[in-house]
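Colleague: First, the structure itself, so that you have it in front of you.
The values are calculated or read from the model by the stated rules, or taken from the named source; none is laboratory data. Keep in mind it's a predicted model, so treat the numbers as computed, not measured. Heads up, the Cβs are rebuilt from the backbone with ideal geometry, glycines too, and the neighbour counts pull from every protein chain shown.
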Amino acid sequence: MNTSSDGIIEYDVLDFKNDCINVHCVNKDKDVRSNSTLRILDFNCKNILTCGPLFKELESKIDIFLLQEHWLYDCQLNLLQELHSDFTGTGKAVDSNDPIQPLHMPRGYGGVAILWKKNLDKLVTTLPIGNERIQCIELSGNQKLLFISIYLPCKSSDNHLNELYECIDQLHEIMEVYKTTHQIIIGGDFNENIFKENNSNRKNYILDFMSDHNLSTTEVGITYTHTSGISSSAIDYILYQEKFKDFIINIEKPDIISNVSDHLPILLQLKYEFPCINSVSQTQVTTHHKVKWNNIDRDRYKILVEEGIALLKVDPMNPNELDQAFQTLNHTLTKATLAVAPKKKKKIRKKKLQIMTENISQAISEKKIAFFQWKQNGRPPDPNHPLTIQKKITTSSLRKQCRIETALQRIQERQKIIDAGYNDPALFYSLIKKTKR
(Lines give C-alpha, C1' and ligand atoms only; values in the text may rest on other atoms or scores of the structure.)
Protein backbone atom coordinates (compact mmCIF):
# COMPACT_ATOMS: atom_id res chain seq x y z
CA MET A 1 0.00 0.00 0.00
CA ASN A 2 1.38 3.42 -0.98
CA THR A 3 0.26 6.94 -0.15
CA SER A 4 0.58 9.63 -2.81
CA SER A 5 1.44 13.27 -2.13
CA ASP A 6 -2.18 14.42 -2.32
CA GLY A 7 -3.24 12.03 0.41
CA ILE A 8 -5.01 9.50 -1.82
CA ILE A 9 -4.19 5.90 -0.91
CA GLU A 10 -3.06 3.81 -3.84
CA TYR A 11 -2.64 0.02 -4.01
CA ASP A 12 -0.09 -2.21 -5.62
CA VAL A 13 -2.78 -4.87 -5.73
CA LEU A 14 -2.69 -5.43 -9.48
CA ASP A 15 1.08 -5.90 -9.53
CA PHE A 16 0.86 -8.36 -6.68
CA LYS A 17 -2.01 -10.15 -8.37
CA ASN A 18 0.14 -10.61 -11.46
CA ASP A 19 2.87 -12.04 -9.26
CA CYS A 20 0.38 -14.52 -7.84
CA ILE A 21 -0.79 -15.50 -11.31
CA ASN A 22 2.78 -16.06 -12.43
CA VAL A 23 3.46 -18.25 -9.43
CA HIS A 24 0.29 -20.22 -10.07
CA CYS A 25 1.09 -20.72 -13.77
CA VAL A 26 4.61 -21.88 -13.04
CA ASN A 27 3.28 -24.47 -10.62
CA LYS A 28 0.13 -25.56 -12.45
CA ASP A 29 1.80 -28.73 -13.75
CA LYS A 30 2.69 -29.86 -10.25
CA ASP A 31 1.01 -29.72 -6.87
CA VAL A 32 2.37 -26.74 -4.93
CA ARG A 33 1.24 -28.33 -1.67
CA SER A 34 4.08 -29.87 0.32
CA ASN A 35 5.10 -30.31 3.93
CA SER A 36 5.86 -26.57 4.03
CA THR A 37 2.54 -25.30 2.61
CA LEU A 38 -0.67 -24.37 4.42
CA ARG A 39 -3.98 -24.02 2.60
CA ILE A 40 -6.40 -21.60 4.23
CA LEU A 41 -9.97 -21.07 3.01
CA ASP A 42 -11.81 -17.86 3.92
CA PHE A 43 -15.56 -18.40 3.53
CA ASN A 44 -18.87 -16.81 4.53
CA CYS A 45 -20.77 -20.08 4.74
CA LYS A 46 -24.30 -18.74 5.51
CA ASN A 47 -25.30 -21.57 7.88
CA ILE A 48 -22.51 -24.02 8.62
CA LEU A 49 -24.97 -26.89 9.09
CA THR A 50 -25.51 -26.93 5.31
CA CYS A 51 -21.78 -27.26 4.60
CA GLY A 52 -21.33 -31.00 5.19
CA PRO A 53 -20.81 -31.76 1.47
CA LEU A 54 -18.36 -28.85 1.18
CA PHE A 55 -16.22 -30.11 4.07
CA LYS A 56 -16.29 -33.58 2.52
CA GLU A 57 -15.17 -32.20 -0.85
CA LEU A 58 -12.31 -30.21 0.72
CA GLU A 59 -11.26 -32.62 3.49
CA SER A 60 -7.89 -33.37 1.85
CA LYS A 61 -7.38 -29.93 0.27
CA ILE A 62 -7.74 -27.44 3.13
CA ASP A 63 -5.87 -27.17 6.44
CA ILE A 64 -7.64 -24.20 8.04
CA PHE A 65 -11.10 -22.66 7.49
CA LEU A 66 -11.77 -19.00 8.39
CA LEU A 67 -15.57 -18.92 8.57
CA GLN A 68 -18.22 -16.23 8.94
CA GLU A 69 -22.00 -16.43 9.48
CA HIS A 70 -22.09 -19.96 10.86
CA TRP A 71 -25.55 -19.13 12.32
CA LEU A 72 -24.93 -21.07 15.53
CA TYR A 73 -25.80 -19.78 18.98
CA ASP A 74 -23.45 -20.04 21.94
CA CYS A 75 -25.03 -23.26 23.22
CA GLN A 76 -24.47 -24.85 19.78
CA LEU A 77 -20.77 -24.01 19.32
CA ASN A 78 -19.77 -27.53 20.36
CA LEU A 79 -21.08 -28.62 16.94
CA LEU A 80 -17.97 -27.05 15.39
CA GLN A 81 -16.01 -30.04 16.69
CA GLU A 82 -18.45 -32.54 15.21
CA LEU A 83 -18.83 -31.27 11.63
CA HIS A 84 -16.12 -33.54 10.24
CA SER A 85 -14.02 -36.33 11.73
CA ASP A 86 -10.78 -34.71 10.47
CA PHE A 87 -11.46 -31.18 11.74
CA THR A 88 -11.93 -29.45 15.06
CA GLY A 89 -12.45 -25.79 15.80
CA THR A 90 -13.57 -22.86 17.89
CA GLY A 91 -15.90 -19.93 17.38
CA LYS A 92 -18.02 -17.12 18.74
CA ALA A 93 -21.75 -16.54 18.39
CA VAL A 94 -23.86 -13.39 18.36
CA ASP A 95 -24.96 -14.25 21.92
CA SER A 96 -21.57 -15.29 23.31
CA ASN A 97 -21.56 -12.30 25.68
CA ASP A 98 -25.16 -12.94 26.79
CA PRO A 99 -26.13 -16.54 25.92
CA ILE A 100 -29.71 -17.23 24.85
CA GLN A 101 -31.50 -20.16 26.48
CA PRO A 102 -31.93 -23.12 24.06
CA LEU A 103 -35.72 -22.96 24.40
CA HIS A 104 -35.83 -19.36 23.16
CA MET A 105 -33.50 -19.52 20.16
CA PRO A 106 -34.78 -17.76 17.00
CA ARG A 107 -33.43 -18.43 13.51
CA GLY A 108 -29.64 -18.30 13.56
CA TYR A 109 -27.51 -15.50 12.16
CA GLY A 110 -23.97 -14.11 12.32
CA GLY A 111 -21.04 -15.63 14.16
CA VAL A 112 -17.39 -16.36 13.33
CA ALA A 113 -15.33 -19.55 13.60
CA ILE A 114 -12.03 -21.15 12.69
CA LEU A 115 -11.64 -24.86 11.92
CA TRP A 116 -8.35 -26.70 11.56
CA LYS A 117 -7.11 -30.20 10.79
CA LYS A 118 -6.81 -32.38 13.89
CA ASN A 119 -3.19 -33.16 13.04
CA LEU A 120 -2.49 -29.46 13.73
CA ASP A 121 -4.25 -29.52 17.10
CA LYS A 122 -1.02 -29.66 19.15
CA LEU A 123 0.19 -26.51 17.40
CA VAL A 124 -3.02 -24.46 17.75
CA THR A 125 -3.87 -22.16 20.66
CA THR A 126 -7.26 -20.43 20.84
CA LEU A 127 -6.85 -16.78 21.84
CA PRO A 128 -9.61 -15.09 23.93
CA ILE A 129 -9.24 -11.70 22.23
CA GLY A 130 -11.62 -9.58 20.18
CA ASN A 131 -15.39 -9.22 20.37
CA GLU A 132 -18.08 -11.59 19.11
CA ARG A 133 -17.24 -10.64 15.50
CA ILE A 134 -13.55 -11.58 15.79
CA GLN A 135 -12.09 -15.08 16.31
CA CYS A 136 -8.32 -15.61 16.66
CA ILE A 137 -6.03 -18.63 16.89
CA GLU A 138 -2.25 -18.94 17.12
CA LEU A 139 -0.33 -21.57 15.16
CA SER A 140 3.10 -22.43 16.54
CA GLY A 141 6.10 -23.08 14.34
CA ASN A 142 9.43 -21.62 13.28
CA GLN A 143 7.38 -18.48 12.52
CA LYS A 144 4.34 -18.03 14.75
CA LEU A 145 1.12 -17.38 12.84
CA LEU A 146 -1.95 -15.48 14.01
CA PHE A 147 -5.15 -16.24 12.09
CA ILE A 148 -8.12 -13.87 12.45
CA SER A 149 -11.62 -14.56 11.14
CA ILE A 150 -13.74 -11.41 11.09
CA TYR A 151 -17.32 -10.55 10.15
CA LEU A 152 -17.82 -6.79 9.91
CA PRO A 153 -21.36 -5.40 10.32
CA CYS A 154 -23.47 -4.81 7.22
CA LYS A 155 -25.16 -1.49 6.45
CA SER A 156 -28.69 -2.58 7.39
CA SER A 157 -28.55 -1.37 11.02
CA ASP A 158 -28.72 2.27 12.10
CA ASN A 159 -25.60 1.84 14.23
CA HIS A 160 -23.53 -0.01 11.61
CA LEU A 161 -20.84 2.67 11.37
CA ASN A 162 -20.06 2.71 15.11
CA GLU A 163 -20.08 -1.11 15.17
CA LEU A 164 -17.58 -1.19 12.30
CA TYR A 165 -15.38 1.39 14.03
CA GLU A 166 -15.40 -0.74 17.20
CA CYS A 167 -14.33 -3.88 15.31
CA ILE A 168 -11.54 -2.10 13.43
CA ASP A 169 -10.32 -0.49 16.67
CA GLN A 170 -10.07 -3.94 18.24
CA LEU A 171 -8.10 -5.13 15.20
CA HIS A 172 -5.77 -2.16 15.78
CA GLU A 173 -5.12 -3.37 19.33
CA ILE A 174 -4.51 -6.95 18.21
CA MET A 175 -2.08 -5.82 15.51
CA GLU A 176 -0.13 -3.67 17.96
CA VAL A 177 0.31 -6.61 20.33
CA TYR A 178 1.19 -9.33 17.80
CA LYS A 179 2.65 -7.69 14.67
CA THR A 180 6.27 -7.82 15.88
CA THR A 181 6.17 -11.47 16.94
CA HIS A 182 3.69 -13.10 14.55
CA GLN A 183 2.85 -13.36 10.89
CA ILE A 184 -0.78 -12.22 10.82
CA ILE A 185 -3.45 -13.37 8.37
CA ILE A 186 -6.89 -11.70 8.48
CA GLY A 187 -9.70 -13.28 6.50
CA GLY A 188 -13.34 -12.38 6.48
CA ASP A 189 -16.45 -10.71 5.19
CA PHE A 190 -15.79 -6.96 5.37
CA ASN A 191 -19.21 -6.01 3.95
CA GLU A 192 -17.48 -3.22 2.02
CA ASN A 193 -15.89 -3.06 -1.42
CA ILE A 194 -12.50 -1.47 -0.74
CA PHE A 195 -11.62 -1.46 -4.46
CA LYS A 196 -14.72 0.47 -5.52
CA GLU A 197 -14.19 4.13 -6.37
CA ASN A 198 -16.22 5.81 -3.67
CA ASN A 199 -15.40 7.86 -0.62
CA SER A 200 -17.49 6.18 2.09
CA ASN A 201 -16.55 6.44 5.75
CA ARG A 202 -16.57 2.64 6.06
CA LYS A 203 -14.13 2.15 3.21
CA ASN A 204 -11.80 4.91 4.39
CA TYR A 205 -11.70 3.52 7.94
CA ILE A 206 -10.74 0.06 6.66
CA LEU A 207 -8.10 1.49 4.31
CA ASP A 208 -6.62 3.63 7.07
CA PHE A 209 -6.31 0.50 9.23
CA MET A 210 -4.55 -1.34 6.40
CA SER A 211 -2.22 1.60 5.82
CA ASP A 212 -1.33 1.97 9.52
CA HIS A 213 -0.20 -1.66 9.73
CA ASN A 214 1.16 -2.04 6.19
CA LEU A 215 -1.40 -4.67 5.22
CA SER A 216 -2.02 -5.80 1.65
CA THR A 217 -4.58 -7.90 -0.16
CA THR A 218 -5.24 -9.30 -3.62
CA GLU A 219 -8.28 -8.49 -5.75
CA VAL A 220 -9.92 -11.75 -6.82
CA GLY A 221 -13.12 -10.30 -8.30
CA ILE A 222 -16.76 -10.73 -7.30
CA THR A 223 -17.19 -12.70 -4.06
CA TYR A 224 -20.85 -12.02 -3.26
CA THR A 225 -24.02 -12.24 -5.34
CA HIS A 226 -27.40 -11.22 -3.93
CA THR A 227 -29.98 -14.01 -3.85
CA SER A 228 -32.05 -12.04 -6.37
CA GLY A 229 -29.12 -12.23 -8.79
CA ILE A 230 -29.43 -8.51 -9.52
CA SER A 231 -26.46 -7.14 -7.54
CA SER A 232 -22.98 -8.45 -6.79
CA SER A 233 -19.84 -7.12 -5.15
CA ALA A 234 -16.35 -7.88 -3.81
CA ILE A 235 -16.62 -7.79 -0.01
CA ASP A 236 -14.55 -10.81 1.11
CA TYR A 237 -10.79 -10.42 1.52
CA ILE A 238 -7.65 -11.98 2.94
CA LEU A 239 -5.20 -9.43 4.38
CA TYR A 240 -1.52 -10.10 5.06
CA GLN A 241 1.49 -8.07 6.20
CA GLU A 242 3.53 -6.65 3.34
CA LYS A 243 6.78 -7.75 5.00
CA PHE A 244 5.64 -11.37 4.73
CA LYS A 245 4.48 -11.23 1.10
CA ASP A 246 7.24 -13.66 0.06
CA PHE A 247 5.43 -16.31 2.13
CA ILE A 248 2.27 -15.91 0.03
CA ILE A 249 2.19 -18.55 -2.72
CA ASN A 250 -1.21 -17.67 -4.16
CA ILE A 251 -4.59 -16.09 -3.39
CA GLU A 252 -7.49 -17.09 -5.63
CA LYS A 253 -11.15 -18.10 -5.88
CA PRO A 254 -11.33 -21.91 -6.10
CA ASP A 255 -14.11 -23.75 -7.90
CA ILE A 256 -16.11 -25.66 -5.28
CA ILE A 257 -19.02 -27.71 -6.58
CA SER A 258 -20.76 -28.14 -3.22
CA ASN A 259 -20.89 -24.42 -2.33
CA VAL A 260 -24.51 -23.38 -1.60
CA SER A 261 -23.72 -19.98 -0.04
CA ASP A 262 -24.23 -16.66 -1.82
CA HIS A 263 -20.55 -15.93 -1.10
CA LEU A 264 -17.57 -17.38 -2.96
CA PRO A 265 -14.66 -18.63 -0.84
CA ILE A 266 -11.08 -17.36 -1.16
CA LEU A 267 -8.11 -19.73 -1.00
CA LEU A 268 -4.72 -18.71 0.41
CA GLN A 269 -1.67 -20.93 -0.08
CA LEU A 270 0.98 -20.01 2.46
CA LYS A 271 4.58 -21.13 2.98
CA TYR A 272 4.94 -22.63 6.44
CA GLU A 273 7.57 -24.85 8.06
CA PHE A 274 5.89 -27.53 10.15
CA PRO A 275 7.77 -28.21 13.41
CA CYS A 276 8.52 -31.79 14.42
CA ILE A 277 5.60 -32.51 16.75
CA ASN A 278 6.83 -35.96 17.77
CA SER A 279 10.42 -34.94 18.58
CA VAL A 280 9.75 -34.98 22.33
CA SER A 281 8.03 -38.36 22.32
CA GLN A 282 10.85 -39.89 20.24
CA THR A 283 13.54 -38.88 22.76
CA GLN A 284 14.83 -41.85 24.70
CA VAL A 285 14.41 -41.47 28.45
CA THR A 286 17.08 -42.99 30.70
CA THR A 287 16.02 -43.94 34.22
CA HIS A 288 18.62 -43.24 36.92
CA HIS A 289 18.22 -45.31 40.08
CA LYS A 290 19.16 -43.88 43.45
CA VAL A 291 22.42 -45.32 44.85
CA LYS A 292 22.19 -46.91 48.31
CA TRP A 293 25.45 -45.57 49.72
CA ASN A 294 25.19 -47.66 52.91
CA ASN A 295 25.60 -50.84 50.84
CA ILE A 296 28.63 -49.91 48.71
CA ASP A 297 32.32 -50.70 49.13
CA ARG A 298 33.48 -47.25 50.28
CA ASP A 299 37.19 -48.10 50.32
CA ARG A 300 37.11 -49.21 46.70
CA TYR A 301 35.07 -46.13 45.74
CA LYS A 302 37.69 -43.89 47.38
CA ILE A 303 40.54 -45.59 45.50
CA LEU A 304 38.80 -45.27 42.12
CA VAL A 305 38.05 -41.57 42.68
CA GLU A 306 41.63 -40.82 43.75
CA GLU A 307 42.97 -42.56 40.63
CA GLY A 308 40.75 -40.37 38.45
CA ILE A 309 41.69 -37.15 40.25
CA ALA A 310 45.37 -37.94 39.72
CA LEU A 311 44.79 -37.61 35.97
CA LEU A 312 43.43 -34.06 36.27
CA LYS A 313 45.58 -31.03 35.47
CA VAL A 314 46.42 -29.13 38.63
CA ASP A 315 46.13 -25.63 37.19
CA PRO A 316 43.87 -25.26 34.13
CA MET A 317 45.22 -22.40 32.01
CA ASN A 318 42.11 -21.49 30.01
CA PRO A 319 38.32 -22.06 29.94
CA ASN A 320 38.66 -25.07 27.62
CA GLU A 321 41.03 -26.84 30.02
CA LEU A 322 38.71 -25.99 32.93
CA ASP A 323 35.73 -27.44 31.07
CA GLN A 324 37.73 -30.57 30.24
CA ALA A 325 38.69 -30.94 33.90
CA PHE A 326 35.05 -30.81 35.00
CA GLN A 327 34.07 -33.40 32.39
CA THR A 328 36.88 -35.72 33.50
CA LEU A 329 35.88 -35.34 37.16
CA ASN A 330 32.22 -36.09 36.40
CA HIS A 331 33.23 -39.13 34.35
CA THR A 332 35.45 -40.35 37.21
CA LEU A 333 32.67 -40.06 39.80
CA THR A 334 30.15 -41.77 37.51
CA LYS A 335 32.53 -44.61 36.65
CA ALA A 336 33.44 -45.19 40.31
CA THR A 337 29.78 -45.21 41.36
CA LEU A 338 28.80 -47.75 38.69
CA ALA A 339 31.72 -49.97 39.70
CA VAL A 340 30.78 -50.25 43.38
CA ALA A 341 26.98 -49.71 43.44
CA PRO A 342 24.81 -52.82 43.80
CA LYS A 343 23.21 -53.92 40.56
CA LYS A 344 19.52 -53.23 40.23
CA LYS A 345 17.59 -56.45 40.33
CA LYS A 346 15.49 -56.97 37.26
CA LYS A 347 11.85 -57.63 37.91
CA ILE A 348 10.62 -60.84 36.36
CA ARG A 349 7.57 -60.03 34.33
CA LYS A 350 4.65 -62.23 35.13
CA LYS A 351 3.28 -64.06 32.14
CA LYS A 352 -0.02 -62.76 30.88
CA LEU A 353 -1.17 -66.33 30.26
CA GLN A 354 -0.49 -68.81 33.04
CA ILE A 355 -1.06 -71.71 30.68
CA MET A 356 -0.29 -72.32 27.01
CA THR A 357 -1.66 -75.21 24.99
CA GLU A 358 -2.03 -76.00 21.31
CA ASN A 359 -5.69 -74.96 21.40
CA ILE A 360 -4.87 -71.58 22.99
CA SER A 361 -2.05 -71.00 20.51
CA GLN A 362 -4.46 -71.66 17.62
CA ALA A 363 -7.04 -69.27 19.11
CA ILE A 364 -4.36 -66.54 19.47
CA SER A 365 -3.38 -66.95 15.81
CA GLU A 366 -7.01 -66.63 14.67
CA LYS A 367 -7.48 -63.51 16.83
CA LYS A 368 -4.33 -61.88 15.38
CA ILE A 369 -5.46 -62.60 11.81
CA ALA A 370 -8.93 -61.13 12.48
CA PHE A 371 -7.43 -58.01 14.08
CA PHE A 372 -4.98 -57.54 11.18
CA GLN A 373 -7.78 -57.77 8.59
CA TRP A 374 -9.91 -55.30 10.60
CA LYS A 375 -6.97 -52.88 10.87
CA GLN A 376 -6.03 -53.14 7.16
CA ASN A 377 -9.58 -52.21 6.17
CA GLY A 378 -9.51 -48.90 8.04
CA ARG A 379 -10.68 -50.08 11.50
CA PRO A 380 -14.42 -49.90 10.64
CA PRO A 381 -16.32 -48.55 13.70
CA ASP A 382 -19.64 -50.11 12.64
CA PRO A 383 -20.39 -52.92 15.15
CA ASN A 384 -22.32 -54.77 12.41
CA HIS A 385 -19.39 -54.79 9.98
CA PRO A 386 -18.33 -58.42 9.19
CA LEU A 387 -14.68 -57.75 10.13
CA THR A 388 -15.69 -56.14 13.44
CA ILE A 389 -17.94 -59.10 14.23
CA GLN A 390 -15.16 -61.57 13.33
CA LYS A 391 -12.72 -59.70 15.59
CA LYS A 392 -15.15 -59.92 18.51
CA ILE A 393 -15.84 -63.62 17.85
CA THR A 394 -12.13 -64.56 17.82
CA THR A 395 -11.51 -62.54 21.01
CA SER A 396 -14.40 -64.26 22.75
CA SER A 397 -13.19 -67.65 21.49
CA LEU A 398 -9.68 -67.04 22.89
CA ARG A 399 -11.02 -66.10 26.32
CA LYS A 400 -13.31 -69.13 26.33
CA GLN A 401 -10.43 -71.45 25.39
CA CYS A 402 -8.26 -69.98 28.18
CA ARG A 403 -11.00 -70.63 30.74
CA ILE A 404 -11.45 -74.22 29.50
CA GLU A 405 -7.73 -75.02 29.58
CA THR A 406 -7.32 -73.42 33.03
CA ALA A 407 -10.21 -75.51 34.38
CA LEU A 408 -8.74 -78.71 32.88
CA GLN A 409 -5.34 -77.95 34.43
CA ARG A 410 -6.97 -77.36 37.83
CA ILE A 411 -8.80 -80.71 37.59
CA GLN A 412 -5.57 -82.52 36.65
CA GLU A 413 -3.64 -80.96 39.56
CA ARG A 414 -6.40 -81.90 41.99
CA GLN A 415 -6.35 -85.49 40.70
CA LYS A 416 -2.54 -85.63 41.19
CA ILE A 417 -2.96 -84.60 44.82
CA ILE A 418 -5.62 -87.27 45.39
CA ASP A 419 -3.48 -89.99 43.79
CA ALA A 420 -0.36 -88.92 45.73
CA GLY A 421 -2.30 -89.10 49.02
CA TYR A 422 -2.72 -92.86 48.50
CA ASN A 423 0.63 -93.72 46.90
CA ASP A 424 3.33 -91.11 47.72
CA PRO A 425 3.06 -89.06 50.97
CA ALA A 426 6.19 -87.00 50.13
CA LEU A 427 4.79 -85.95 46.75
CA PHE A 428 1.42 -85.29 48.40
CA TYR A 429 2.84 -82.74 50.87
CA SER A 430 4.97 -81.19 48.11
CA LEU A 431 1.90 -80.59 45.94
CA ILE A 432 -0.03 -79.18 48.90
CA LYS A 433 2.75 -76.63 49.50
CA LYS A 434 2.57 -75.50 45.86
CA THR A 435 -1.14 -74.81 46.13
CA LYS A 436 -0.53 -72.55 49.17
CA ARG A 437 1.96 -70.29 47.37
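Colleague: Against the condition of a type outside the set (G, A, S), at pLDDT below 90, closer than 20 Å to L239 by Cα and out of contact with any helix residue (DSSP H, G or I) (no Cβ under 7 Å at 6 or more places or on another chain), how does Q143 come out, does it pass? Outline the logic, then answer.
Modeller: Working: of a type outside the set (G, A, S): yes; at pLDDT below 90: yes; closer than 20 Å to L239 by Cα: yes; out of contact with any helix residue (DSSP H, G or I) (no Cβ under 7 Å at 6 or more places or on another chain): yes.
When the stated conditions are applied, Q143 passes them.
Colleague: Here is a check on your reading of the model: is I184 on the phi < 0 side of the Ramachandran plot, outside any strand (DSSP E or B) and in contact with a strand residue (DSSP E or B) (Cβ under 8 Å, 6 or more places away or on another chain)?
Modeller: No; evaluated as a whole, the condition is false for this residue.
Colleague: Condition first: in contact with a Ser or Thr (Cβ under 9 Å, 6 or more places away or on another chain) and farther than 14 Å from Y178 by Cβ. Now tell me which residues in the stretch 134-153 satisfy that.
Modeller: Listed by number, the list holds a single entry, Q135.
Colleague: Within the set of pairs 6 or more residues apart or between chains, which connect a residue that is assigned by TED's automatic domain parsing to the domain that holds G221 and over 20 Å from N131 (Cα atoms) inside the stretch 173-202 to a residue that is in a helix (DSSP H, G or I) and not hydrophobic (A, V, I, L, M, F, W, C) with Cβ atoms less than 7 Å apart?
Modeller: Hits for this filter: I194/K203.
Colleague: Please identify the pairs in which a residue from the stretch 212-233 that is in the same structural domain as L268 (by TED's automatic domain parsing) has its Cβ atom under 7 Å from the Cβ atom of a residue that is among the aliphatic types (A, V, I, L, M) and in a helix (DSSP H, G or I), counting only partners at least 6 apart or on another chain.
Modeller: H213/M175; T217/V13; T218/V13; E219/V13
Colleague: Condition first: surrounded by fewer than 17 Cβ atoms within 10 Å (Cβ to Cβ) and touching a residue at least 60 places away in the same chain (Cβ under 8 Å). Now tell me which residues in the stretch 120-147 satisfy that.
Modeller: Once the filter is applied, which keeps residues that are surrounded by fewer than 17 Cβ atoms within 10 Å (Cβ to Cβ) and touching a residue at least 60 places away in the same chain (Cβ under 8 Å), the stretch 120-147 yields K122, S140, G141, N142, Q143.
Colleague: Take the conditions acidic (D, E), touching a helix residue (DSSP H, G or I) at 6+ places or on another chain (Cβ under 7 Å) and over 29 Å from T126 (Cβ atoms) and apply them to E219. Does it pass?
Modeller: Yes: the conditions hold for E219.
Colleague: Taking the conditions exactly as written (surrounded by fewer than 17 Cβ atoms within 10 Å (Cβ to Cβ) and under 27 Å from L270 (Cα atoms)), does I114 satisfy them or not?
Modeller: For I114, the condition - surrounded by fewer than 17 Cβ atoms within 10 Å (Cβ to Cβ) and under 27 Å from L270 (Cα atoms) - is not met.
Colleague: For the structure I just gave you, tell me whether S211 is more than 24 Å from F55 (Cβ to Cβ), of a type in the set (G, A, S) and assigned to a helix (DSSP H, G or I).
Modeller: Considered against the rule, which asks whether it is more than 24 Å from F55 (Cβ to Cβ), of a type in the set (G, A, S) and assigned to a helix (DSSP H, G or I), S211 comes out as yes.
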